[in-house]
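**Q** Sharing a structure with you now.
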Amino acid sequence: MMETKLIYIMDPLCGWCYGSADNLLKLTQQYAGRLAVEIIPAGMWAGINVRTQSRAMAQYFIRHDRQIEALTGTTFGADYFAFLGKEVILDSEVPSRAIMAVQQLAPEKAVVFMVKVQQARYLHGKDFNNTQVYLDICQELGIDTGVFQECFTAASLQTLTLHAFEKATSYASAYPSLFIEHNGRRILLEQGYASYAELDESVASVLN
């Protein structure tokens with residue numbers, strides 16, 4: 001029997017992905033034991049697309065973040081808005097690699113890890129370039145920090161992360177995108193934002 005799987009295309013620096021992340025977590029909890037999950041980071045701002053957070057960019061973020069809050073009910077923290085005033089490198093590869101590491105080491109914790117990674121920036125104003133951000137989340141989730149660190153810094157994981165970026169491009173051009181694979185078919189459930197009720201109804205219609 002073929003495995004039924006959710007495939008989530010996202011980027012840690014995508015505000016709409018942050019706004020949608022809790023819905024994915026709820027789906028995995030609602031359908032625990034019935035659905036596998038694969039997270040595929042998209043590498044939106046990686047390689048030649050790495051950005052530097054600036055005042056002009058901060059204004060752009062704030063305008064869109066308020067829209068995301070209004071539509072999704074997701075909270076963007078005061079610490080995050082204060083952090084937007086800092087000039088830091090915005091590189092999707094680093095948090096994406098952390099997510100890929102946990103997906104390798106503890107796949108059952110990958111979704112909640114991803115959610116907490118995005119909360120680290122968008123709620124608590126943490127810098128994704130700081131490895132301690134990921135170590136703290138690992139410790140909170142009971143993931144061995146030494147094993148994580150070894151995996152996170154391995155050249156093989158860097159290669160795997162780059163392959164994930166390529167794979168994401170072949171699946172979708174907008175994020176977040178959520179698919180379900182069932183009986184050999186890949187069905188698009190969400191591209192942009194859908195409510196939890198809409199996603200739950202779509203998944204149930206495929207499974208039942």
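The values are calculated or read from the model by the stated rules, or taken from the named source; none is laboratory data. Computed from a prediction, not measured in an experiment: that's the story for all the values here. We place every Cβ from the backbone using ideal geometry, glycine too, and count neighbours over all the protein chains shown.
**Q** Can you tell me how many residues in the stretch 138-186 are surrounded by 15 or more Cβ atoms within 10 Å (Cβ to Cβ), outside any helix (DSSP H, G or I) and not hydroxyl-bearing (Ser, Thr, Tyr)?
**A** Residues that pass the stated criteria total 8.
**Q** Follow-up question, since we're still on this one. Out of all the residues in the stretch 112-131, is one or more more than 27 Å from residue 47 (Cβ to Cβ) and in a helix (DSSP H, G or I)?
**A** Looking for residues that are more than 27 Å from residue 47 (Cβ to Cβ) and in a helix (DSSP H, G or I), one finds at least one in the stretch 112-131, hence yes.
**Q** Taking the stretch 5-35, which residues are of a type in the set (Gly, Ala, Ser) and either without any contact (Cβ under 8 Å) to a residue 40 or more places away in the chain or in a loop (DSSP other than H, G, I, E, B) (or both)?
**A** Matches in the stretch 5-35: 32, 33.
**Q** Within the stretch 26-38, can one find any residue that is within 19 Å of residue 203 (Cα to Cα), surrounded by fewer than 18 Cβ atoms within 10 Å (Cβ to Cβ), modelled with pLDDT of 95 or more and among the acidic types (Asp, Glu)?
**A** Yes; the residues of the stretch 26-38 include at least one that is within 19 Å of residue 203 (Cα to Cα), surrounded by fewer than 18 Cβ atoms within 10 Å (Cβ to Cβ), modelled with pLDDT of 95 or more and among the acidic types (Asp, Glu).
**Q** Output the residues belonging to the stretch 64-101 that are in a helix (DSSP H, G or I), of a type in the set (Val, Ile, Thr) and more than 17 Å from residue 163 (Cβ to Cβ).
**A** First, pick out the residues of the stretch 64-101 that are in a helix (DSSP H, G or I): 64-72, 78-83, 93-101.
Subset that is of a type in the set (Val, Ile, Thr): 68, 72, 94, 99.
Hits for the stretch 64-101 are 68, 72.
Residues are listed down the side, and each one gets a yes or a no for (1) over 23 Å from residue 74 (Cβ atoms); (2) touching a Cys at 6+ places or on another chain (Cβ under 6 Å); (3) among the aliphatic types (A, V, I, L, M):
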residue	(1), (2), (3)
122	no, no, no
135	yes, no, yes
141	no, no, yes
150	yes, no, no
155	yes, no, yes
161	yes, no, no
167	yes, no, no
171	yes, no, no
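**Q** Please find, within the stretch 76-93, the residue that is surrounded by the most Cβ atoms within 10 Å (Cβ to Cβ) out of those that are more than 11 Å from residue 121 (Cβ to Cβ) and within 16 Å of the chain's Cα centre (by Cα).
**A** It comes out as 92.
**Q** What is the residue count in the stretch 32-75 for residues that are aromatic (Phe, Trp, Tyr) and within 19 Å of the chain's Cα centre (by Cα)?
**A** 2
**Q** If you don't mind, another one. Based on what the data block shows, is residue 41 within 18 Å of residue 152 (Cα to Cα) and in contact with an Asp or Glu (Cβ under 7 Å, 6 or more places away or on another chain)?
**A** yes
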